[in-house]
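Only one structure is covered here, and it is reproduced in the block below.
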Amino acid sequence: MNPKTSSLSQDLVERSLASVWHPCTQMKHHEQFPLVAISHGKGAWLYDHDGQRYLDAISSWWVNLFGHANPSINQALKDQLDSLEHVMLAGFTHKPVVELSERLSRLTQHQLGHTFYASDGASAIEMALKMSFHYWQNKGLLDKKEFICLKNSYHGETLGALAVTDIAIFKETYGPLTHPAHIVANPDARLATGNQSAKDIATSALTNLEALLKTQSKKIAALIVEPLVQCASGMVMHDPSYLQGIRKLCDQYQIHLIADEIAVGCGRTGTFFAVEQAGIWPDFLALSKGISGGYLPLSLVMTTDEIYQAFYHQDARKGFLHSHSYTGNPLACRAALATLDIFEKENVLEKNKVLAKKLSDAFTWAKEDARIIHFRQTGMILAFDIKPEHLCENFSKEFFVHALNQGILVRPIGSTIYIMPPYIIVDDEITHLSKGIQASLNATLSGNH
Ligand SMILES: *Cc1c(COP(=O)(O)O)cnc(C)c1O
């Protein structure tokens, strides 16, 4: 089942297994399932040392927007490398971080005009939670120190972010280390039965949220939500009316709204920010993953002038107490600027509308396949579930291996197969993807029912 490996690949894999502790991996499973050593990337493709190539259908964990070795991002980074690789951001500033902050502010029509930086997504979530709590402290609302998240939410894996993450395996293992959040109904559109619509499900989730707020709002600092698509919980999509509803409830009950756009931001859902589809702005918006084009670790939290002003004071303790060594790293900011340049110059959001339709059309077979339910799509995220009666043991890992053999990188989440390709994918790559996924599904499920 292993794709054939050269001695160089084999050597790297063995050394990796001996010395690298891989993320989100039970290392023992690599006794059965392959580890792939990648030598280089170009466009939508990743190449191993044998010249075998894999279409990166999940943008390398949702980070890569414009392909590997993108010429214009490469050029911007080479240029930046020759002027300034890094300087600390406390007491110092630099052009890439200033320009990036200004451009992000413009993208929110200056609603979220203050940006704080870190390196990874989980840290951005920590910052948003701390800022919300600290804001209420500064305002004298000392009881507001709890958070609300959605059922099955995912907001990262550091302890603060884990506290607002409702994924069973993490909870069971690390739950004792976290300060648990309130969990409210998920507006998962798949819950609709009979003649219910996605909007009905959203409405009932809002009722559930309001019931909690009615009794607990005085203790609550913020609600955190991944707008439009709960990605890590299996591309769970909801109606935009849910976002309008939570914006209203948050205002009414004096709670912050934190939009975690780490995965759904940067055009993934069709608009630059997912919240734009509901015509709302949150109090905090977190970005990471795609913002640097998938090049360098960069994350950030944007917030309003009102919140920023609550920290502006002579007293150091009223200021936001948070920093990371690489806060606002110039190279990462420059990669982000080059990424935003591509959005502007190449009219990416408009082009993605056409691309999203092509993806949908290419997967017509999946809409008609009797083994599949809940075919769904939001912009450049397409997903469907395998009916429980057709699933086999180790489905997602087996599927991953079959897809590798088809020259595709995809990693199902449980029984959900999804694709989240880079925005530069072209017609014959889409065909390769669709056919390869169908073949992988047949190979994985053959012999099962
Ligand atoms: C990936 C992700 C995070 C965490 O980001 P890391 O960079 O992996 O720490 C948080 N929230 C969402 C929605 C994500 O998809």
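The values are calculated or read from the model by the stated rules, or taken from the named source; none is laboratory data. Bear in mind that the values here come from a model prediction, so they are computed numbers and not experimental data. Every residue, glycine as well, gets a Cβ built from its backbone with ideal geometry; the counts of neighbours run over all protein chains shown. With ligands, DNA and RNA removed, areas are computed over all heavy atoms of the protein, side chains included. Shrake-Rupley method; radii C 1.70, N 1.55, O 1.52, S 1.80 Å.
Using 0.36 nm times the number of residues separating Ser7 and Ile169, minus their current alpha carbon distance, what extension gain do you get?
Values: separation 162, 0.36 × 162 = 58.32 nm, distance 3.65 nm.
So the chain would gain 54.7 nm between Ser7 and Ile169.
Treating each Cα of segment 19-119 as an identical point scatterer and summing with the Debye formula, the log10 of I(q)/I(0) at q = 0.13 Å⁻¹ comes to -0.78.
The long axis of helix 121-138 is offset from the longest Cα principal axis of the chain by roughly 10 degrees. Semi-axis lengths, largest first, of the ellipsoid equivalent to segment 266-323 are 27, 17, 5 Å, with √(5λ) applied to each eigenvalue of the Cα gyration tensor.
Roughly speaking, what is the stretch gain from Thr207 to Glu85, that is 0.36 nm per residue apart minus the C-alpha to C-alpha distance, in nm to one decimal?
Values: separation 122, 0.36 × 122 = 43.92 nm, distance 4.99 nm.
Full extension from Thr207 to Glu85 adds 38.9 nm.
The length gained on full extension between Thr93 and Asp143, counted as 0.36 nm times the residue separation minus their Cα-Cα distance, comes to 14.4 nm.
Relative to the longest principal axis of the Cα atoms of the chain, helix 348-362 runs at roughly 40 degrees. Residue by residue, segment 329-338 carries 3J(HN,Hα) couplings of 3, x, 5, 5, 5, 5, 4, 5, 4, 5 Hz when phi is fed to the Karplus relation 6.51 cos²θ - 1.76 cosθ + 1.60 (θ = phi - 60°); x denotes Gly or Pro.
Normalised radius of gyration (Cα atoms, divided by 2.2 N^0.38 Å) for segment 106-175: 1.28. The label-point distance for Leu321 and His22, in a model that sets each label 7 Å from Cα toward Cβ, rounds to 4.1 nm.
Compute, for the chain, the length of the dipole vector about the Cα centre, with Cβ point charges of +1 (Lys, Arg) and -1 (Asp, Glu) only. Units Debye, rounded to 20.
Details: 39 positive and 45 negative charges, 117 e Å.
The dipole of the chain has a size of about 560 debye.
The apolar share of the surface of segment 73-346, taken as the fraction of accessible area on carbon and sulfur atoms (1.4 Å probe, ligands and nucleic acids excluded), comes to 54 percent. Put a dot 7 Å past the Cα of Gln109, heading toward its Cβ, do the same for Gln309, and the two dots end up 2.0 nm apart. Cross-link partners for Lys358 among the aspartates and glutamates, with Cα-Cα distance under 15 Å and sequence neighbours closer than 8 places in the same chain left out: Glu350, Asp427, Asp428, Glu429. Computed about the Cα centre, the dipole magnitude for segment 255-319 is approximately 220 debye when only Lys and Arg (+1) and Asp and Glu (-1) carry charge, each at its Cβ. Accessible area per residue for the chain, computed on protein heavy atoms with a 1.4 Å probe, is 45 Å². Working note: Cα atoms of segment 302-382, range along each principal axis, descending, whole Å: 64, 32, 26.
Given segment 73-346, what whole percent of its Cα pairs are spread farther than 32 Å?
On the way: 8397 of 37401 pairs.
Looking at segment 73-346, the distances longer than 32 Å represent 22 percent of pairs.
Restricting the calculation to Cα atoms, every distinct pair contributes to the Kirkwood radius of segment 303-449, found to be 18.7 Å.
Give the relative contact order (percent, whole number) for segment 1-131; include only Cα pairs under 8 Å separated by 6+ residues. List each step's numbers first, then the result.
Values: 77 pairs, mean separation 17.1, N = 131.
Once divided by the residue count of segment 1-131, the mean separation gives 13 percent.
For segment 284-433, with the dipole built from +1 on Lys and Arg beta-carbon atoms and -1 on Asp and Glu ones, taken about the Cα centre, which of Met380, Asn394, Ile430 lies farthest toward the positive end? Value: Asn394.
Along segment 395-404 the Karplus relation, 6.51 cos²θ - 1.76 cosθ + 1.60 evaluated at θ = phi - 60°, assigns HN-Hα couplings of 3, 5, 5, 4, 4, 3, 5, 4, 5, 4 Hz to successive residues, with x for each Gly and Pro. A crude spin-label estimate for the pair Leu159 and Ser360, with each label 7 Å from Cα along the Cβ direction, gives 4.6 nm.
One equal scatterer on each Cα of segment 323-365, no solvent, Debye formula: the resulting log10 I(q)/I(0) at q = 0.32 Å⁻¹ is -0.99.
Per-residue ellipticity at 222 nm from helix content only, as computed over the chain with -39500 (n - 2.57) for each DSSP H run of at least four residues, stands at -12000 deg cm²/dmol.
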